[in-house]
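Take a look at the structure set out below.
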Amino acid sequence: MEFVIKISQFLLSLSLLIVLHELGHFIPAKAFKTRVEKFYLFFDVKYSLFKKKIGETVYGIGWLPLGGYVKISGMIDESMDKEQMAQPPQPWEFRSKPSWQRLIIMLGGVTVNFILAYVIYVFISFAYGDIDITSSSVKDGYMVTNPILKDLGIKTGDKVIAINDEEIETVSQIRRKIISAEKLTILSGSETKEVVLPEDFLGQFSSSESKSFFSLRYPFILEKIPDTSINASAGLQPKDVIVSLNGKSLKYYDQYDAIMDSLTATHKTIDVGILRDGQQLTKTLKVEDGKFEIKAGGDLNDLERLGYYDIVKTDYTFWESFGAGLLKFKDQVASYGEQLKKIFNPKTGAYKGVGGFKAIYDVFPDTWSWQDFWALTAFLSIMLGVLNLLPIPALDGGHVMFLLYEMISGRKPSEKFLERAQMVGFFILIALVLFANGNDIFKALFK
């Protein structure tokens with residue numbers, strides 16, 4: 001069932017982005033009376049799952065889910081239709097249109113991607129508002145499990161107070177700023193120290209099995225008591241909070257293993273302090289292999305209920321959501337731009353984290369959440385827009401590059417040159433796709 005939920009979100013998001021991106025090319029092309037021969041979701045290599053011709057355009061769904069396309073008459077694109085290009089230019093063809101119209105057609109796809117992302121962020125702001133946690137309320141620091149951070153001398157209980165000398169005010173800022181981090185200011189106990197990150201920090205992180213940085217410390221909140229558990233009949237309930245073990249205080253779940261190790265060598269049962277609906281209870285639980293055989297969980301609502309952190313909720317009016325959405329959009333574009341800079345700098349090793357379709361599939365949660373779905377779709381829309389602007393001939397950015405050259409110099413590149421450039425760009429694009437998806441396969445096989 002989890003697979004069905006993840007793959008459904010993945011395919012729905014991908015299909016929505018592809019259709020709207022191609023629609024961004026299709027609409028201005030039709031507005032400028034340019035013939036569009038095909039409009040396809042996914043690629044129809046030798047075969048189509050569905051196709052129907054309406055007017056001069058064939059609409060269809062291909063079988064290869066690696067993207068989509070619109071085939072515009074008189075345009076040198078991935079179809080490499082040399083036979084058509086060998087004919088005299090026709091008024092309805094792309095190559096016969098003024099350069100400014102061709103530029104608008106080529107920029108239409110990424111424009112829609114950016115507009116879509118912004119609209120989604122506006123909608124998310126209005127529908128859900130913002131939820132964050134103040135950094136000042138994180139009194140006992142964060143949970144640190146990543147071996148890379150541990151090797152730098154950072155441990156559970158340490159607190160991030162600044163990144164690149166910029167003070168951290170909310171927990172969410174850590175996730176956003178860690179991508180471009182070069183230096184962390186850490187509060188460890190009463191000592192403040194500077195931790196300089198290695199240049200290949202992101203590369204090390206990409207190669208690490210642990211994908212966490214600084215996580216909130218949660219109490220031991222019972223999520224589930226399996227029927228097969230040795231404590232199934234102990235009268236425990238979901239949302240019970242374990243606060244002590246044989247009188248030893250247990251404030252955070254990350255303290256559980258250490259306390260249990262000190263107790264289970266001599267104890268087969270343990271008196272457990274339980275907090276339930278504001279009341280203190282004591283239960284005697286059986287221990288097997290150092291565990292209670294109960295599952296821990298918890299979410300932000302639990303943290304707010306228990307008063308562990310100061311959770312700030314911000315609601316927006318319809319008009320305020322436009323400004324809030326713009327801030328989210330700008331922050332995400334800037335963050336993704338930082339990631340690309342790192343990826344194209346071999347010294348950072350960030351290229352090791354580049355992933356393909358498996359990596360995109362993995363970011364979707366295994367439970368359906370419309371808020372998460374739309375947030376991820378907005379991010380992927382920005383990613384698709386930025387990547388399509390790269391000056392690679394097979395991408396929109398490559399066409400834009402040649403069009404700008406034409407508009408500035410007044411000279412149009414020859415069709416033969418554009419054909420060769422398109423072929424080179426196509427091989428570069430294939431190499432990038434193989435590299436990204438190869439990374440996915442490598443991680444799946446060797447990690």
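The values are calculated or read from the model by the stated rules, or taken from the named source; none is laboratory data. It should be emphasised that the depicted structure is a prediction, and the values quoted were computed from it without experimental measurement. Please note: Cβ atoms are built from the backbone with ideal geometry, for glycine as well, and neighbour counts cover all protein chains shown. These accessible areas exclude ligands, DNA and RNA; they are computed on the full protein's heavy atoms, side chains included. Shrake-Rupley method; radii C 1.70, N 1.55, O 1.52, S 1.80 Å.
Structure above, values below:
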read-out: Positions within region 11-31 being within 28 Å of ASP362 (Cα to Cα), among the hydrophobic types (A, V, I, L, M, F, W, C) and open to solvent by less than 20 Å² (accessible area, probe 1.4 Å), in sequence order; value: LEU17, ILE18
read-out: Residue count, region 217-260 (criterion: hydrophobic (A, V, I, L, M, F, W, C), in a helix (DSSP H, G or I) and either without any contact (Cβ under 8 Å) to a residue 12 or more places away in the chain or in contact with a helix residue (DSSP H, G or I) (Cβ under 7 Å, 6 or more places away or on another chain) (or both)); value: 1
read-out: Selection within region 400-422 - among the β-branched types (Val, Ile, Thr) and open to solvent by less than 40 Å² (accessible area, probe 1.4 Å); value: VAL400
read-out: Enumerated strands (runs of 3 or more DSSP E) restricted to region 276-395, each holding at least 2 residues that are over 30 Å from ASN246 (Cα atoms); value: 311-314
read-out: First in region 177-201 and over 17 Å from VAL138 (Cβ atoms) and touching a residue at least 60 places away in the same chain (Cβ under 8 Å), second anywhere and part of a loop (DSSP other than H, G, I, E, B) and open to solvent by less than 50 Å² (accessible area, probe 1.4 Å), Cβ under 6 Å, 6 or more apart; value: ASP200/GLY349
read-out: Looking only at region 305-333, and only at residues there that are without any contact (Cβ under 8 Å) to a residue 40 or more places away in the chain and either touching a Leu at 6+ places or on another chain (Cβ under 7 Å) or among the hydrophobic types (A, V, I, L, M, F, W, C) (or both), the one that is surrounded by the most Cβ atoms within 10 Å (Cβ to Cβ); value: LEU327
read-out: Any chance THR192 is exposed (fewer than 13 other Cβ atoms within 10 Å of the Cβ), over 20 Å from ASP132 (Cβ atoms) and at pLDDT 85 or above; value: yes
read-out: Subset of region 277-304 (residues that are open to solvent by 40 Å² or more (accessible area, probe 1.4 Å) and closer than 19 Å to SER249 by Cβ); value: GLY278, GLN279, GLN280, LEU281, THR282, LYS283, THR284
read-out: Pick from region 32-91, criterion open to solvent by less than 40 Å² (accessible area, probe 1.4 Å) and among the polar types (S, T, N, Q), ranking: modelled with the lowest pLDDT; value: GLN84
read-out: Filter result (in a strand (DSSP E or B) and open to solvent by less than 10 Å² (accessible area, probe 1.4 Å)) within region 173-184; value: LEU184
read-out: Residues located in region 236-262, provided they are open to solvent by less than 60 Å² (accessible area, probe 1.4 Å) and within 13 Å of LEU275 (Cα to Cα); value: LEU236, ASP240, VAL241, ILE242, VAL243, SER244, LEU245, LEU250
read-out: Count - residues of region 195-206 that are touching a helix residue (DSSP H, G or I) at 6+ places or on another chain (Cβ under 8 Å) and either buried (at least 16 other Cβ atoms within 10 Å of the Cβ) or closer than 30 Å to VAL272 by Cβ (or both); value: 7
read-out: Considering residues of region 265-275 that are open to solvent by 40 Å² or more (accessible area, probe 1.4 Å) and at pLDDT 85 or above only, the residue nearest to LYS224 (Cα to Cα); value: LEU275
read-out: Selected residue [over 30 Å from TRP370 (Cα atoms), assigned to a loop (DSSP other than H, G, I, E, B), touching a Lys or Arg at 6+ places or on another chain (Cβ under 6 Å) and not basic (Lys, Arg)] from GLY157, GLY153, GLY141, GLY203; value: GLY141
read-out: Matching option when the condition is part of a helix (DSSP H, G or I), under 23 Å from ALA359 (Cβ atoms) and out of contact with any Cys (no Cβ under 9 Å at 6 or more places or on another chain), among ILE5, ILE27; value: ILE5
read-out: Which listed residue is within 30 Å of LEU23 (Cβ to Cβ), of a type in the set (Val, Ile, Thr) and free of Cβ contacts under 8 Å to residues at least 12 places away in the same chain, from ILE124, ILE115; value: ILE115
read-out: Residues satisfying the stated conditions in region 334-361, i.e. in contact (Cβ under 8 Å) with a residue 60 or more places away in the chain and either more than 27 Å from ALA436 (Cβ to Cβ) or under 13 Å from the mean Cα position of the chain (by Cα) (or both); value: SER335, GLN339, GLY353, VAL354, GLY355, GLY356, PHE357, LYS358, ALA359, ILE360, TYR361
read-out: Matching entry among LYS211, LYS224 (being charged (D, E, K, R), open to solvent by 30 Å² or more (accessible area, probe 1.4 Å), under 24 Å from GLN332 (Cβ atoms) and at pLDDT below 85); value: LYS211
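Residue-by-condition table, conditions (1) touching an Asp or Glu at 6+ places or on another chain (Cβ under 6 Å); (2) of a type in the set (Lys, Arg):
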position	(1), (2)
LYS97	no, yes
THR111	no, no
TYR121	no, no
PHE126	no, no
GLY129	yes, no
LEU152	no, no
LYS155	no, yes
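Conditions tested, residue by residue: (1) surrounded by fewer than 22 Cβ atoms within 10 Å (Cβ to Cβ); (2) without any contact (Cβ under 8 Å) to a residue 40 or more places away in the chain.
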residue: ILE104; (1), (2): yes, no
residue: LEU107; (1), (2): yes, no
residue: ILE148; (1), (2): yes, no
residue: VAL160; (1), (2): no, no
residue: ASP165; (1), (2): yes, yes
